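For reference, the structure discussed in these notes is given below.
The values are calculated or read from the model by the stated rules, or taken from the named source; none is laboratory data. Everything quoted here is computed from the prediction, not taken from an experiment. FYI the Cβ positions are ideal-geometry reconstructions off the backbone, even for glycines, and counts take in every protein chain you see.
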Amino acid sequence: MKKLTLISLFIFWAFVTSLFTAGFALQEKTNNPTPQNNPAQLIAQGTILTKEELAKHASASSCWLLIDKKIYDVTSYLNQHPGDADTILPTCGTDATRAYSTKGRTTSPSPHSQNAHELLKAYYIGDLGQEAIAVAPTASPTTKPQSNTPATQPTAPSTQPNASVALSIQEIAKHNIAQDCWMIVNNNVYNVTSYLPRHPGGTSAILRYCGKDGGAAFEGLPHSTNAHQLLASFFVGAVGQVANTQTIQQTTSPTVPVGASNNRGDDDEDDD
């Protein structure tokens with residue numbers, strides 16, 4: 001009987017010990033979660049950023065650019081580029097300094113905006129001839145382009161749910177501020193409020209046309225197909241017609257058509 005009691009106690013303490021061990025292991029795992037896949041880990045430690053190494057990254061799956069002796073991994077930005085990925089792809093793995101400074105134009109070259117320069121910094125991985133830095137926020141850059149006006153949340157229309165709004169010139173003129181910006185392009189009305197902070201040319205480039213006809217300004221620039229698709233996602237209705245407030249509310253967070261960029265600017269003053 002005594003022997004049976006000792007065996008029972010031994011089994012009991014073994015069970016308690018295993019519970020404590022499992023508990024400590026679980027706590028250790030909680031306190032030290034498995035590291036998430038960091039794009040920087042894709043660059044081998046100690047990699048020297050030579051032109052030979054640069055040339056290896058010349059495709060859509062791995063696109064590095066050399067600009068002013070600095071190297072940028074813009075792979076994740078290709079599909080966000082307002083001028084389409086095809087405008088960047090030919091320069092992947094090469095010295096893209098001239099293409100970047102002129103937007104690839106041989107006639108009437110145009111420099112990128114300050115917002116574009118700020119965005120580019122987010123993809124920096126090191127200087128030519130130096131060792132790659134430890135952080136390369138390729139998949140989700142933390143640096144975002146700064147607008148000239150602080151980003152604000154769009155103000156919801158002041159009309160009642162399910163009501164209708166006549167898109168008269170007088171009504172459109174009421175929406176003339178950064179928090180509520182409507183613009184006319186080709187006799188159509190667009191609610192571009194939520195897009196203002198993301199415009200690569202700066203908020204002020206659009207703000208001056210809030211509540212007005214901005215068609216001449218929009219058509220005066222060689223906008224890409226992406227730009228036109230993106231603009232369509234903010235469509236409210238035609239001037240003189242009636243729009244439902246539900247439609248207007250949908251334009252504050254539009255569904256962007258396939259192929260259009262929802263993360264960056266849409267026009268020729270792009271963010272690459």
Counting only residues that are closer than 18 Å to His199 by Cβ and free of Cβ contacts under 8 Å to residues at least 60 places away in the same chain, how many does the stretch 111-126 have? 4
Quick one: Ala55 ticks every box in (1) out of contact with any helix residue (DSSP H, G or I) (no Cβ under 6 Å at 6 or more places or on another chain); (2) at pLDDT below 90 bar one, so which box is it? (2)
Among the residues of the stretch 59-71, is there at least one that is exposed (fewer than 11 other Cβ atoms within 10 Å of the Cβ), at pLDDT 65 or above and out of contact with any Phe, Trp or Tyr (no Cβ under 7 Å at 6 or more places or on another chain)? yes
Quick one: Gly202 ticks every box in (1) modelled with pLDDT of 85 or more; (2) in contact with a Ser or Thr (Cβ under 7 Å, 6 or more places away or on another chain) except a single one, so which number is it? (1)
Kindly indicate whether any position in the stretch 108-125 is buried (at least 17 other Cβ atoms within 10 Å of the Cβ), at pLDDT 85 or above and assigned to a loop (DSSP other than H, G, I, E, B). yes
Quick one: what pairs do we get from the stretch 227-248, first residue outside the structural domain of Ala85 (by TED's automatic domain parsing) and in a strand (DSSP E or B), second of a type outside the set (S, T, N, Q) and surrounded by fewer than 16 Cβ atoms within 10 Å (Cβ to Cβ), C-beta under 7 Å, 6+ apart or different chains? Val242/Ala166
Residues being in contact with a Lys or Arg (Cβ under 9 Å, 6 or more places away or on another chain) and among the polar types (S, T, N, Q) - total across the stretch 214-230: 0
